[in-house]
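The values are calculated or read from the model by the stated rules, or taken from the named source; none is laboratory data. Just so we're clear, the structure is a prediction, and the values are computed from it rather than from any experiment. Neighbour counts are summed over all protein chains in view; Cβ atoms, including those assigned to glycine, are modelled from backbone coordinates with ideal geometry.
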Ligand SMILES: *[C@@H]1O[C@H](CO)[C@@H](O)[C@H](O)[C@H]1NC(C)=O
């Protein structure tokens with residue numbers, strides 16, 4: 001019986017040692033960490049990309065595009081603005097439905113459809129319904145409604 005107890009103890013020691021040797025959770029590659037708030041971690045990369053390429057970048061590096069859903073998350077990001085190079089426009093997960101159905105004819109309730117040769121244009125610009133959100137990291141941050149192809153930096157989260 002004593003021999004068995006020794007074997008069990010040795011096995012337990014090996015398990016404890018193995019658990020201790022587990023590597024720390026690796027940081028994702030190609031990004032700079034902003035830290036953790038509400039149990040999630042924000043990261044950014046300052047290569048200019050379209051909204052869709054920013055989303056692909058986050059996913060390829062094991063993250064998602066960032067969301068900002070609480071006051072504490074907004075205040076956290078604002079507090080990070082003065083750090084490192086976290087300033088400028090960062091693509092985040094917000095976007096419109098990407099479909100013309102967002103507009104309807106008031107008279108009939110029918111959706112507006114895409115008609116070749118008749119583009120949507122916002123007064124003074126080319127902003128149609130295919131809009132995406134970027135976050136302006138600054139002393140006065142805001143959510144910037146923009147055309148998805150216009151380039152910004154990537155803000156990701158885990
Ligand atoms: C940003 O991503 C690119 C790859 O697309 C990489 O070459 C670059 O080093 C990254 N920047 C940082 C700060 O990690």
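Per-residue answers, yes or no, for (1) within 17 Å of residue 33 (Cα to Cα); (2) in contact with a helix residue (DSSP H, G or I) (Cβ under 9 Å, 6 or more places away or on another chain):
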{"position": "69", "(1), (2)": "no, no"}
{"position": "79", "(1), (2)": "yes, no"}
{"position": "83", "(1), (2)": "yes, no"}
{"position": "93", "(1), (2)": "no, yes"}
{"position": "99", "(1), (2)": "no, no"}
{"position": "102", "(1), (2)": "no, no"}
{"position": "111", "(1), (2)": "no, yes"}
{"position": "145", "(1), (2)": "no, no"}
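Can you tell me which residues in the stretch 53-86 are at pLDDT below 95 and within 14 Å of the ligand (Cβ to nearest atom)? Those that are at pLDDT below 95 and within 14 Å of the ligand (Cβ to nearest atom): 83, 84, 85. Reported count of residues in the stretch 26-52, each being within 13 Å of the ligand (Cβ to nearest atom) and more than 16 Å from residue 132 (Cα to Cα), is 13.
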